[in-house]
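Here's the structure, in structure tokens; my notes come after.
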Amino acid sequence: MTRAGVPGAGADLRLRGRTFGPGHPLVMAVVNRTPDSFYAAARFDDAGADAAVDRAVEEGADLVDLGGVRAGRGPRVGADEEIARVIPLVERVRARHPDLLVSVDTWRADVARAAALAGADLINDTWAGHDPALVEVAAEHGLGVVCSHTGGAAPRTDPLRVAYAPRAGAGQPDGGPSADPLDGVVEDVVATLRASAARAVALGVDPASVLVDPTHDFGKNTWHSLHLVRRTEAVVALGYPTLMAFSRKDFVGEALGLPVEDRLEGTLAATSVAAWLGARVFRAHDVLATRRVLDMVAAIRGDLMPAHAVRGLA
């Protein structure tokens, strides 16, 4: 039942036969097997990645998102090297933590196929279907898939003077453009995610295993990303579980004038807003803090009972 003044809870997520409802917002822990992640604390070798996964589990992660290639510009990493970095880690995580959900962050179908065979549950395609065969792999192997939005940007490129014009008839009753020029990015994100999710479902991916991610920073400037946070409900309204990947991103740093090491509070503020508005999965470097924020928002929304409520009762 929807409570007065509380936005809708968003769609349930289902992975590996397990369904997660409103009372269980999910933390997706970031574990990168890369030497050049934008956040130095998230750069792990094999031993460090194993320890990071163990720590994430202890701190309340529901999923781990394993990546082998830096999202931004940097030295080229071929598919073979990406597989060598990530797939042994998938196998170790599956053996060490059999109940933990495993996501692999890749835009390559070959890597996705290797991940599926190694026991992954979700493919996090952060580059918006750049390899159209990737979603086919997810469907073939019964995996979930993340549909993202980059405004057409190619993998590992940075945005430059991107613009999204509101479409005629999309905003005003008289058929004119939206009153807010930033709504153009919302319209583009919603249209792209709707089409990508529909293709995944048509190929056979369970709709509850199709996540939609507006993909802040990718193909966007800071104004775009901030506007997408406040318009989270437009993405949630697509009817698929919504993933938000805010953690320590540039739009947080530019909003506050802070380097990556000091962006935790800004990340958690954005997390609180999006969780209140119905987003359900949050990709995070800081698992424990994110877990507590999400559980508190769920309690305020009325989706989660307090863990220990005795004040005024005894």
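Any idea how many residues of region 73-104 are in contact (Cβ under 8 Å) with a residue 60 or more places away in the chain and surrounded by 15 or more Cβ atoms within 10 Å (Cβ to Cβ)? Please lay out each step first, then the result.
Of all residues in region 73-104, those in contact (Cβ under 8 Å) with a residue 60 or more places away in the chain come to 73-74, 101, 103.
With the extra rule that they be surrounded by 15 or more Cβ atoms within 10 Å (Cβ to Cβ), the set shrinks to 101, 103.
So the count comes out to 2.
A count restricted to region 185-234 and to residues that are among the hydroxyl-bearing types (Ser, Thr, Tyr) and at positive phi stands at 1.
From Ala109, Ala114, grab the single residue that is free of Cβ contacts under 8 Å to residues at least 40 places away in the same chain and either among the charged types (D, E, K, R) or over 28 Å from Asp54 (Cβ atoms) (or both). Sole residue among the options that is free of Cβ contacts under 8 Å to residues at least 40 places away in the same chain and either among the charged types (D, E, K, R) or over 28 Å from Asp54 (Cβ atoms) (or both): Ala109.
Might you let me know whether region 35-43 holds any residue that is at pLDDT 95 or above, of a type outside the set (Gly, Ala, Ser) and surrounded by 14 or more Cβ atoms within 10 Å (Cβ to Cβ)? No, because not a single residue in region 35-43 is at pLDDT 95 or above, of a type outside the set (Gly, Ala, Ser) and surrounded by 14 or more Cβ atoms within 10 Å (Cβ to Cβ). Between Asp54, Asp36, the distinction of being more than 28 Å from Thr232 (Cβ to Cβ), among the charged types (D, E, K, R) and not in a helix (DSSP H, G or I) belongs to Asp36 only. Do the conditions hold for Ala279, that is, is it outside any helix (DSSP H, G or I), surrounded by 15 or more Cβ atoms within 10 Å (Cβ to Cβ) and touching a Gly at 6+ places or on another chain (Cβ under 8 Å)? So Ala279 fits the description; yes. Restricting the first member to region 263-292 and to residues that are within 16 Å of Leu243 (Cα to Cα), and the second to residues that are of a type in the set (Phe, Trp, Tyr) and surrounded by 23 or more Cβ atoms within 10 Å (Cβ to Cβ), the beta-carbon pairs closer than 7 Å and six or more apart or on different chains are Thr267/Phe246; Ala270/Phe246; Thr271/Phe246; Thr271/Phe282; Thr290/Phe282.
Of the helices (runs of 4 or more DSSP H) lying entirely inside region 66-169, those containing at least 3 residues that are in contact with a Gly (Cβ under 8 Å, 6 or more places away or on another chain) are 79-96, 133-141. Within region 50-64, residues that are within 15 Å of Leu122 (Cβ to Cβ) and at pLDDT 95 or above have Cβ atoms under 7 Å from residues that are in a helix (DSSP H, G or I) and of a type outside the set (Val, Ile, Thr) in these pairs: Val64/Ala56, counting only partners at least 6 apart in sequence or on another chain. Based on this model, can you work out whether Ala9 counts as among the small types (Gly, Ala, Ser) and surrounded by 22 or more Cβ atoms within 10 Å (Cβ to Cβ)? Taking the combined requirement at face value, the residue does not satisfy it.
Residues of region 212-268 that are assigned to a helix (DSSP H, G or I) and among the aliphatic types (A, V, I, L, M): Leu226, Leu228, Val229, Ala234, Val235, Val236, Val252, Ala255, Leu256, Val260, Leu264, Leu268. Assess whether Asp217 counts as being within 30 Å of Arg73 (Cβ to Cβ) and crowded, with 21+ Cβ neighbours inside 10 Å. Here the answer is yes, as Asp217 does meet what is asked.
The values are calculated or read from the model by the stated rules, or taken from the named source; none is laboratory data. Note that the coordinates shown come from a computational prediction; the quantities given were computed from them, not determined experimentally. A quick note on method: Cβ atoms are made from the backbone with ideal geometry, for glycine too, and the neighbour counts reach across all protein chains shown.
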